[in-house]
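Any read-out appearing in this document is the output of simple, stated calculations on the displayed coordinates, not a laboratory observation. No experiment lies behind these values; they were computed from the predicted model shown. Every residue, glycine as well, gets a Cβ built from its backbone with ideal geometry; the counts of neighbours run over all protein chains shown.
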Amino acid sequence: MTTATHAAPPIQRLRDSIGSVFLGHPGAIDRLLACLLARGHCLIEDVPGVGKTVLASALARSIDASFARIQLTPDLLPSDITGVSVYRREEQRFEFVRGPIFASIVLADEINRATPRTQSALLEAMSEASVSVDGQTHALPAPFMLVATQNPLTFQGTYALPENQLDRFLMRISVGYPSPEDEARVLELRPGARPLHELRAVTTAQEIIAIQDRADAVRVDRKLVDYVIAIAGATRRSDALELGLSPRGALALSQAAKAWAVLAGRDYCIPEDVLSNVVPVCAHRVLARGASVGDQAANTAAILDAILRQVPSPA
């Protein structure tokens, strides 16, 4: 579901820029933008060939900020991401050489092909916007956003992300197959479409930070706060879930709702802002009882939908 088109001009320019090369599901663009405005990180999970990397790269190229792409492979080391201290013999000192994580927008492509040890190198960056190496803490630039793509866990050569790392992603989204109409556009227009590398920045890092501040200031009525708490409580009591939503997950749902309101051009939240984000924000933070790893996503989404029908929504 897409939001209304009354957002700030920089956001609309981002929508248009990304949409000029990503000819897929327009709702995925708004999900990605909501993560950006909420100062969160986004995990895009889907089969190969549906445009995951194009979507993430188009966002990065549309913002006048530093961008780095990390291709995750089983032989990648943590220092290949964070950086390493190099000894300068002439100066008789160590110098820290920054890794690709020191960019405003970082694309971690096929994150679940890396080993758990390498995946864990991203944890501090995602939760604290900093990196610690050899006892020294280095701040990451602002804004900072990690966009990770991954193939379904049933694919060969993948390592499941641990629960604590999944929890660092504000949303897990799926691009999905395009509609027949959109796929026809891809087949007909793609040869003449603007290549991804020709995209130019349509907004600045400073403008994004200003809109992030606006998202922080969005008003959330106490009834909506109670609604978020009620949803979280229902997941913790559900017999269908082995693990319910944590307080950090409830906070993430509130942050996403605020960003969704900004995308719709409002400075206040409505119940639909919460409802629209429950599955993308919460499904990867809860565990369905008795479900296999490959079936978790579908099962948790179905369980959350059932819970939402039971928890009364504020008028």
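General remarks:
- Under the combined filter of DSSP loop state and at most 13 neighbouring Cβ atoms within 10 Å, the stretch 80-186 retains these GluC sites (Glu not before Pro): GLU90, GLU91.
- Look at the alpha carbon pairs under 8 Å that are at least 6 residues apart: their mean separation over the length of the chain gives a relative contact order of 24 percent.
- Once the chain from ALA160 to THR204 is taken as fully extended at 0.36 nm per residue, the excess over their C-alpha distance is 12.4 nm.
- Two-site FRET efficiency, PHE94 against SER127, from Cβ-Cβ distance with R₀ of 35 Å, rounded to 0.05: 0.85
- Taking label points 7 Å from Cα along the Cα-to-Cβ direction, VAL86 and ALA142 give a separation of 3.0 nm.
- Options ALA288, LEU107, SER130, ranked by Cα towards positive dipole end of the chain, top entry (Cβ charges): SER130
- The share of Cα pairs per 10 Å bin across the chain, counted from zero up to the longest distance, runs 6, 26, 34, 25, 8, 2, 0 percent.
- Value of [θ]222 nm, deg cm²/dmol, for the chain, DSSP H segments ≥ 4, -39500 (n - 2.57) each, nearest 500: -12000 deg cm²/dmol
- In the chain, the DSSP beta bridges split such that about 40 percent are antiparallel, to the nearest 5.
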